[in-house]
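Structure record follows, encoded as structure tokens.
Every number here is computed from the coordinates shown, using simple stated rules; none is lab data. Small disclaimer: the values here were computed from a predicted structure and weren't measured. Neighbour counts run over all protein chains shown; Cβ positions are idealised from the backbone, glycine included.
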Amino acid sequence: MYLVDEDSPARRTLLGLLQRAGYEVQVFAKAAALAEVASALQPGCVILDIETAGPESLTVAKALRAGRLALPMLVIGRSHGDVGYGVRAMKAGAVDYLEKPCEPAVLLTAVSAALAELRTDTERSHAYDDAKLRIAALSPREREVLEGLLAGGTNKSIGRALGLSPRTVEIHRARVMEALGARTLPEAVLTAARAGVQPTESQ
């Protein structure tokens, strides 16, 4: 958890709230200080008090989004009647905007939601990387058989397209399933889709 807040009293209040909720918090007084080390930080939620850090601090949110860093940002502040205030924060890359003063429970709920989204993104990224590795381990022929399966081909139609017997296709198919760690064809299709494998045009 990362807290960006230039106002010492407000920072202490937020820090205490987050620590009591069980979060480990690293504090930055300036948004620029966070930006300098962002690429080296562990994945976590960033809370930015835009009221104390200044509107220019939204450039940090833009940088985090552009860098695809695993640092979802919550922005808090007072809009003073400016209805576009929160919209600008969201467009800059914030995952949520909270109007001050906000209830502790509301802030903690927003933090929890941001971290849940981060976990989902991380799991999706790991699944993608795993799928790419598994697909890369296939032989060229196994890759062709997989593409045929994705197109809805049968052992017979794939064999006809590749000049193989249905029995040979069946053997390659079994190897593909094993390499992808799939017990069923839908599981194999899901892994292939994650890795961006496209079906052959026709079978």
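Tabulated data
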read-out: Percent of Cα-Cα distances greater than 19 Å, calculated over the range 73-191; value: 62
read-out: Cβ-derived FRET efficiency at R0 30 Å, ILE171 paired with THR109, nearest 0.05; value: 0.05
read-out: For the range 2-127, average projected area of the Cα convex hull in nm²; value: 7.3
read-out: Relative contact order %, the range 137-194, counting alpha carbon pairs below 8 Å whose residues are six or more apart; value: 31
read-out: Along principal axes, Cα extents of the range 137-194, largest first, whole Å; value: 28, 19, 18
read-out: Inter-site label distance for LEU185 and ALA136 at 7 Å from Cα along Cβ, in nm; value: 2.9
read-out: Beta bridges per DSSP with both ends in the chain, % antiparallel, nearest 5; value: 0
